[in-house]
Amino acid sequence: MADRPRVVILGCGFGGMGASHSLRDVAADVTLLDKNDYHTFQPLLYQVATATLEPETVGHSIRELVHDHSNFRFHQTTVTGVNLADRTVEVEDMPPIPYDYLIAALGARVNFFGVEGAQEHSFPLYTLKDAVQLKNHVLRAFEEADKNPDLTDHGALNIVIVGGGPTGVETAGALAELFSMDFVDDFPDLPVNEGRIILVDGAPAVLHAFNDDLRAYAKDALEQRGVELRLGQHVTSVGPESVTLQSGEQIKTRTVIWAGGLQASPLAKWLGIEPGRGGRVPVRADLSLDGHPEVFVVGDVAQAEDSETHEVLPQLGAVALQAGKSAGRNVLNCIEGKPTEPFHYRDKGFMATIGRGAAVAQMPFGVSLRGTMAWLAWGSVHLALLTGWESRMATVIDWFWDLFQREHGKRIHVEE
Ligand SMILES: Cc1cc2nc3c(=O)[nH]c(=O)nc-3n(C[C@H](O)[C@H](O)[C@H](O)COP(=O)(O)OP(=O)(O)OC[C@H]3O[C@@H](n4cnc5c(N)ncnc54)[C@H](O)[C@@H]3O)c2cc1C
């Protein structure tokens, strides 16, 4: 409709979804842009990579997500710039898109921190494509070793994971179960038990954002599953057949999983502003850009402070979702001539799972859970957050299959 304010949302991750939620069916024309035609539920990517879930379970059609949003239009296109003066968004394959209000939620990208060979020879785990490529690579490496057992001596069965945060820990635990529950039977001629899973982190403990007890529990749970830990160690180089650590240790492997860090999307550069931590865009208390009250930045790309604690908020799905909702409400306030509201994050805690029956959960007010209780809490929270009933049902079925059959059901490799 003519004369209605035009809102453009960049990115349909957690931040973009939150903003879409607040702007559904309001008196504004909203254009949602994403380079993919699906939303990715990143917390379960490692389960795609380790053959528990199908890619379609953690990727949800954006067109379907906005079916019921009568004021929305979606375009699958890559954003290449933002012109603050003209109030337009530049995209790869369409004319510039004008806006009256902009919500940027473009997320982050992997950061290899300049480690020699890491970009060329390691597998990041940040997108759905990354997860599928990693799964295919691991299955291919075992198939190749099965045909040529000499490859085993060259580290074909070893996997090195760089980064001991939740992604690294969850991936290491899931791989250990994939080896011990499936690969031992899938590859009877291979010494699967000699395959090593090694987790490397520069910090002295895994899961550094968690409290001491939970870190110690996670360490024990990983070691019980046969994961070797190299803590207080940085990776200095990655090659096609080995990884070198700061200590000089060289580990033979053809599979290096990079879960070692993030950098924000290049939004700060496009906006011509000085980036904050990790390339993020510093924002005001109401999530708007300094000097541009019509532009809001949320999620992993934003450096936002909690309006009550004044702490910089972490790059988490819950932060992005809540911030997206808040930015959407603030756009509405602007349209209606009302003042905007500062963003306050309601911390619901964070969790990580190490394997079946083993997880850690650090909740608000100093409450923490570990073991089976934390694992059940982890499963319930992730199911509740997954987008769409179809994905939830598929996940429940796959998890039950995995639990009772003791088998990861998605161990096939479809050539790309
Ligand atoms: C493996 C993994 C596990 C995680 N586990 C957890 C967890 O257990 N709990 C938790 O709270 N958080 C977790 N996180 C963090 C959480 O997923 C992120 O904080 C959250 O996704 C950030 O939301 P966002 O909207 O800012 O960015 P994203 O969700 O990354 O969304 C950004 C969107 O922008 C699109 N985009 C990017 N660049 C362009 C461009 N140039 N043009 C067009 N579109 C573009 C992308 O396609 C994407 O859809 C995890 C992250 C990863 C990678």
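So, Arg196, is that one in contact with a strand residue (DSSP E or B) (Cβ under 9 Å, 6 or more places away or on another chain) and closer than 22 Å to Leu139 by Cβ or not?
Working: in contact with a strand residue (DSSP E or B) (Cβ under 9 Å, 6 or more places away or on another chain): yes; closer than 22 Å to Leu139 by Cβ: yes.
Criteria met by Arg196.
Quick one: count up the residues across the stretch 269-316 that are of a type in the set (Ser, Thr, Tyr) and either within 15 Å of the ligand (Cβ to nearest atom) or more than 15 Å from Thr340 (Cβ to Cβ) (or both). Break it down stepwise before answering.
Narrowing the stretch 269-316 to residues of a type in the set (Ser, Thr, Tyr): 288, 307, 309.
With the extra rule that they be either within 15 Å of the ligand (Cβ to nearest atom) or more than 15 Å from Thr340 (Cβ to Cβ) (or both), the set shrinks to 309.
Number of matching residues: 1.
Answer yes if at least one residue in the stretch 338-354 is away from the ligand (no atom under 16 Å from the Cβ), within 30 Å of Phe72 (Cα to Cα) and among the polar types (S, T, N, Q), and no otherwise. Give the derivation first.
From the stretch 338-354, those away from the ligand (no atom under 16 Å from the Cβ) are 338-342, 344; that's our starting set.
Right, trim to within 30 Å of Phe72 (Cα to Cα) and you get 338-342, 344.
Filter once more, keeping what is among the polar types (S, T, N, Q): 340.
Yes, the stretch 338-354 has at least one match.
Name the one entry in Gly168, Gly155, Gly163 that is of a type in the set (Gly, Ala, Ser), more than 16 Å from the ligand (Cβ to nearest atom), assigned by TED's automatic domain parsing to the domain that holds Phe210 and crowded, with 20+ Cβ neighbours inside 10 Å. Quick ask: steps written out before the conclusion?
Values: Gly168 fails: more than 16 Å from the ligand (Cβ to nearest atom); Gly163 fails: more than 16 Å from the ligand (Cβ to nearest atom).
Of Gly168, Gly155, Gly163, the one residue that is of a type in the set (Gly, Ala, Ser), more than 16 Å from the ligand (Cβ to nearest atom), assigned by TED's automatic domain parsing to the domain that holds Phe210 and crowded, with 20+ Cβ neighbours inside 10 Å is Gly155.
Quickly run through the stretch 238-269 and pick out the residues that are in contact with a Leu (Cβ under 9 Å, 6 or more places away or on another chain) and either among the acidic types (Asp, Glu) or over 18 Å from Thr171 (Cβ atoms) (or both).
Ala264, Ser265, Pro266, Leu267
Considering each of His21, His69, His75, His39 in turn, give the residue that is touching a Cys at 6+ places or on another chain (Cβ under 6 Å) and either buried (at least 17 other Cβ atoms within 10 Å of the Cβ) or over 30 Å from Lys410 (Cβ atoms) (or both). Don't jump to the end; show me each part of the working.
On the way: His21 fails: touching a Cys at 6+ places or on another chain (Cβ under 6 Å); His69 fails: touching a Cys at 6+ places or on another chain (Cβ under 6 Å); His75 fails: touching a Cys at 6+ places or on another chain (Cβ under 6 Å).
None of the others qualify; the one that does is His39.
Any residue in the stretch 68-84 that is at pLDDT below 95 sitting within a Cβ distance under 6 Å of a residue that is assigned to a loop (DSSP other than H, G, I, E, B)? List the pairs, counting only those 6 or more apart or interchain.
The qualifying pairs are His69/Arg24; Ser70/Asp25.
Looking at Asn111, is it surrounded by fewer than 19 Cβ atoms within 10 Å (Cβ to Cβ), farther than 22 Å from Val235 by Cα and of a type in the set (S, T, N, Q)? Outline the logic, then answer.
Numbers: surrounded by fewer than 19 Cβ atoms within 10 Å (Cβ to Cβ): yes; farther than 22 Å from Val235 by Cα: no; of a type in the set (S, T, N, Q): yes.
When the stated conditions are applied, Asn111 does not pass them.
Could you list, in sequence order, all residues of the stretch 363-406 that are part of a loop (DSSP other than H, G, I, E, B) and closer than 17 Å to Lys348 by Cβ?
First pass over the stretch 363-406, keeping only residues part of a loop (DSSP other than H, G, I, E, B): 363, 367, 371, 386-388, 406.
Scanning the stretch 363-406 gives Met363, Val367, Leu386.
For the stretch 304-341, name all the residues that are hydroxyl-bearing (Ser, Thr, Tyr) and more than 24 Å from Gly279 (Cα to Cα).
Initially, the stretch 304-341 is screened for residues hydroxyl-bearing (Ser, Thr, Tyr), giving 307, 309, 326, 340.
Thr340 - this is the single residue of the stretch 304-341 that is hydroxyl-bearing (Ser, Thr, Tyr) and more than 24 Å from Gly279 (Cα to Cα).
Listed residues Gly107, Gly117; which is more than 12 Å from the ligand (Cβ to nearest atom) and in contact (Cβ under 8 Å) with a residue 24 or more places away in the chain?
After applying the criteria, what remains is Gly117.
So if I check each of Ala145, Ala131, Ala141, Ala49, which one is away from the ligand (no atom under 16 Å from the Cβ), farther than 30 Å from Cys334 by Cβ and crowded, with 22+ Cβ neighbours inside 10 Å? Before you say what the answer is, go through the steps one by one.
Numbers: Ala131 fails: away from the ligand (no atom under 16 Å from the Cβ); Ala141 fails: crowded, with 22+ Cβ neighbours inside 10 Å; Ala49 fails: away from the ligand (no atom under 16 Å from the Cβ).
Sole residue among the options that is away from the ligand (no atom under 16 Å from the Cβ), farther than 30 Å from Cys334 by Cβ and crowded, with 22+ Cβ neighbours inside 10 Å: Ala145.
Sort out which residues of the stretch 69-79 are in a strand (DSSP E or B) and more than 10 Å from the ligand (Cβ to nearest atom), and write them in order of number.
Step one: filter the stretch 69-79 for residues in a strand (DSSP E or B), giving 72-76, 79.
Scanning the stretch 69-79 gives Phe72, Arg73, Phe74.
The values are calculated or read from the model by the stated rules, or taken from the named source; none is laboratory data. Since the structure is predicted, the reported quantities are computational estimates derived from the model, not experimental observations. No Cβ is skipped: glycine too gets one built from the backbone with ideal geometry, and neighbour counts run over all protein chains shown.
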